[in-house]
Every structure is written in structure tokens, then in C-alpha cells.
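Reviewing the structure listed below.
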Amino acid sequence: MCGIVGAVAQRDVADILVEGLRRLEYRGYDSAGVAIINNKQDIQRCRRMGKVKELSDALAQAPLLGGVGIAHTRWATHGQPCEKNAHPHVSNGRVAVVHNGIIENYVALREDLIADGYVFESETDSEVIAHLVCKELKTASSLLSAVQSSVKQLTGAYGTVLMDKNNPDKLVVARSGSPLVIGLGIGENFIASDPMALLPVTRQFIFLEEGDVAEISRNHISIFNHAGQKIEREVQE
Ligand code: GLU
């Protein structure tokens, strides 16, 4: 399981995300990527094989601007290490996902989603999450409820972060078997798989617990436990 960083802010977040990935390099990984919602409400993505430096060099050439984004360093478990298997994965240009862990029932989910017309671009288990959430969004009242009904269909381990270009001011995150921590800022908030990633931007953290799903926007955090009940979790310095 490798690295996740996400941010919801007013300022451009690409540099914060890449610095976060750099701080998670100690874990080892094979590729890195970032996706950001720009001011036209489109998802822009950049992924590279190899080191975070390859990603930051690519972003220096073609910057991604925007205040809501997710980033990942991948340690391949399903599908070879290559650019098309690097995270974030995107469904229909609308929903982007980063995922740590393994979705054990991804073959069955993938077959169902292909039958429903979803087109897979990678060999990963993770891509099913993006399509599943995109499918649930057809009937769900919010990204949060789409993620809540999607994670009920997953077996395996995940720390996952989703963004939706039609709900461009928030991230929704879910934890089961793979750690996630929310970093609290002033008028901005963050998510990561390890608080180390966020030390340049905050010292205040909420550690999510098993089964938690959370909605994170610039000024608001809502956390729900495995039973879907809204709960408060302690802020730790
Ligand atoms: N199972 C996923 C993949 O192979 C995520 C691996 C990871 O945790 O980095 O893409």
C-alpha cells in the first residue's frame, strides 16, 4: 500500500500534493500521479512512471492549476507498473479516484460495470471504484452517498479518495484496512495516508477509523462511521 495525498483549498494545490508525495517516498513505489479540478470544472491529470521527480518535472512543463486535487504513489498489486495503471483513475471524465490496498472482488465488479457500458483504461483493481461511484452518482443525492453505497459493494482493503467534477468543492474519502488521516487547515483541509505528508501545511489531524467515510470541503468536515451514523472524532495535535 502506497501513498495518498489530497487537498481542498482556495490556492493552487499541485505543489502541496507533490511535496506530500515526496514525503511518502520512503515507502517505495513504482509510479506517481495527480489529478486536479481546474477553474473550468474539468479534471486534469498527470501521471508518470518512476520517481515523484518525473511527475514534478512534468508539472513544471505543464502546470495543473486548481484548488481541489488528489495524488498517489503506486505500488502495483494488480496490473504491471506503467503509466496507464498509475493512479488517479478517472471514470467518464467525471470521477477521479486514488486507492491504496486491494479490491478483492474487482473481477466481478469489473464485469458488471463493463456490461453497463463503462470502459476500463487500466488493468488495476482500483479503477472499479471510479466507475462504481460514477454509476451510483446517477441516482445518489450527493458524492458522499454515492461513495457510501459504493463501498458497501467492495470487499478487500482500501484507503480511497474521490472527487467529482460536478461536485467540485469537496473530496470524499473512505477507510477500511488502509490508514487515512484528515489534516485541518484554515479555510482549507487535507487528506493523506500518513500525517508526515501534511506537516508542511498543518499539525492538526483527525485519524479516521475502520469503516469511516468522510466528506471534506474547505470549511467543513463530516465523518460517518461504518453504520452510516454521523460522528465526531478527536482532533490531535
Ligand atoms: N491495488 C492497487 C493497484 O495495483 C493499489 C496499489 C497501492 O496500494 O499502491 O493499482
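Pairs of alpha-carbon atoms within less than 8 angstrom and 6+ residues apart define the contacts here; what relative contact order does the chain have, in percent?
Values: 603 pairs, mean separation 47.4, N = 237.
Answer for the chain is 20 percent.
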Problem set entry | Cβ-based net charge around residue 118, under 11 Å, with every Lys or Arg adding one and every Asp or Glu removing one | -3
For this session: Calculate the spin-label point distance for residue 92 paired with residue 25, positioning each point 7 Å from the Cα along the beta-carbon direction, and give it in nanometres.
Result: 3.9 nm
Problem set entry | Residue order, fewest to most surrounding Cβ atoms within 10 angstrom, among 124, 155, 139 | 139, 155, 124
Exercise. Hey, how many Å between the Cα centroid of the range 67-106 and the Cα centroid of the range 162-237?
Worked result: 19 Å
For this session: Please list, in chain and number order, the residues 5+ apart from residue 211 or on another chain whose amide H is under 5 Å from its amide H, with Hs placed from the backbone.
Result: 175, 176, 177
Exercise. For the range 3-99, what is the relative contact order in percent, using Cα pairs closer than 8 Å and at least 6 residues apart in sequence?
Worked result: 35 percent
For this session: Can you pull a Stokes-Einstein diffusion coefficient for the chain at 4 °C (1.567 mPa s), Rh from Kirkwood over Cα pairs, as a whole number of µm²/s?
Result: 76 µm²/s
Seminar exercise, completed: Row for the range 162-217, column shape: gyration tensor on C-alpha, a ≥ b ≥ c, rounded if a/c < 1.5 i.e. under 1.5, prolate if a/b over b/c, else oblate; value oblate
Exercise. Tell me, what does the Kirkwood hydrodynamic radius of the range 1-137 come to in angstroms if you use every pair of distinct C-alpha atoms?
Worked result: 14.9 Å
For this session: Would you kindly derive the ³J(HN,Hα) couplings of the range 44-49 from the backbone phi angles with the Karplus curve 6.51 cos²θ - 1.76 cosθ + 1.60 (θ = phi - 60°), listing them in order in whole Hz, with x for Gly and Pro?
Result: 10, 9, 9, 9, 9, 6
Exercise. Whole-Hz Karplus ³J(HN,Hα) for the range 164-169, in order, using 6.51 cos²θ - 1.76 cosθ + 1.60 and θ = phi - 60°, x for Gly and Pro?
Worked result: 10, 5, 7, 10, x, 10
Seminar exercise, completed: Kirkwood-based Rg/Rh on the Cα set of the range 115-199 evaluates to 0.98
Seminar exercise, completed: Log entry: pair-distance distribution for the range 23-87, C-alpha pairs binned every 5 Å from zero, whole % per bin is 4, 19, 26, 24, 16, 8, 2, 0
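Each value in this text was obtained by applying a stated rule to the coordinates, not by laboratory testing. Fair warning: this is a prediction, and the values are worked out from it, not measured in the lab. Don't worry about glycine lacking a Cβ; one is built from the backbone with ideal geometry, like all the others, and counts go over all protein chains shown.
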